[in-house]
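Comments concern the structure below.
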Amino acid sequence: MLSKVCTVCKQDKLLEEFYNYKASIDGKAYRCKFCDNLARKKYRHNNYDRHIRLQRERNWKFRYGITRDDFNLMWESQNGLCKICEVELTNVEIDGDILNKSNTCVVDHDHVTLFVRGLLCARCNKALGLFDDSIEKLEKARYYLISAKNEYSET
């Protein structure tokens, strides 16, 4: 079995304990998987904001097919407001990584076509999801609220 010495921990390890790396002569990385994982973890910790921003951009590209420029255009066209309730959105790109707040900006999309519809607050996005993006269900809910309000105001 072939082996290699990790340049970080200086241990002689089997080649399968190294990630593949096409640019090297032997096709393996210069540090073992264990040392590489530690280095990546340390880098993410020391560069947390950059790591989160890049992770979010990869997520946008993979899930929705949009870039940072696309996101920024939507943000500007909506004046930083939720497209439904018009609450001022917390833009995680501007305000830091503020998660789990009701006005956190979310990229809304159609789950069937994957078409990006706009930017919503987390509450409006969750509400659409709970109604299965069904116009019929939302119209029934609207009618229910109107009729309940009318009954309440008559008494």
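The values are calculated or read from the model by the stated rules, or taken from the named source; none is laboratory data. Quantities reported herein were computed from a predicted structural model and do not represent experimental measurements. Here the Cβ positions follow ideal geometry from the backbone for every residue, glycine too, while neighbour counts run over all protein chains shown. Accessible surface areas use protein heavy atoms only, side chains included; no ligands, DNA or RNA. Shrake-Rupley method; radii C 1.70, N 1.55, O 1.52, S 1.80 Å.
Key figures for this structure:
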item: Subset tally (residues that are open to solvent by 50 Å² or more (accessible area, probe 1.4 Å) and closer than 12 Å to Val107 by Cα) for the stretch 73-89; result: 1
item: Filter pass, Arg50 being surrounded by 12 or more Cβ atoms within 10 Å (Cβ to Cβ), free of Cβ contacts under 8 Å to residues at least 60 places away in the same chain and of a type in the set (D, E, K, R); result: no
item: Checklist (1) at pLDDT below 90; (2) open to solvent by 60 Å² or more (accessible area, probe 1.4 Å) applied to Val92, failing item; result: (2)
item: Yes/no for Arg58 being within 16 Å of the chain's Cα centre (by Cα), at pLDDT below 90, loosely packed, with under 14 Cβ neighbours inside 10 Å and among the basic types (Lys, Arg); result: no
item: The stretch 17-46 residues that are within 14 Å of Ser3 (Cα to Cα), paired with ones that are in a helix (DSSP H, G or I) and open to solvent by 100 Å² or more (accessible area, probe 1.4 Å) (beta carbon under 6 Å, 6 or more apart); result: none
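Residues are listed down the side, and each one gets a yes or a no for (1) within 25 Å of Trp75 (Cβ to Cβ); (2) open to solvent by 100 Å² or more (accessible area, probe 1.4 Å):
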site	(1), (2)
Phe115	yes, yes
Arg123	yes, yes
Lys126	yes, yes
Gly129	yes, no
Lys137	no, no
Tyr144	no, yes
Glu151	no, yes
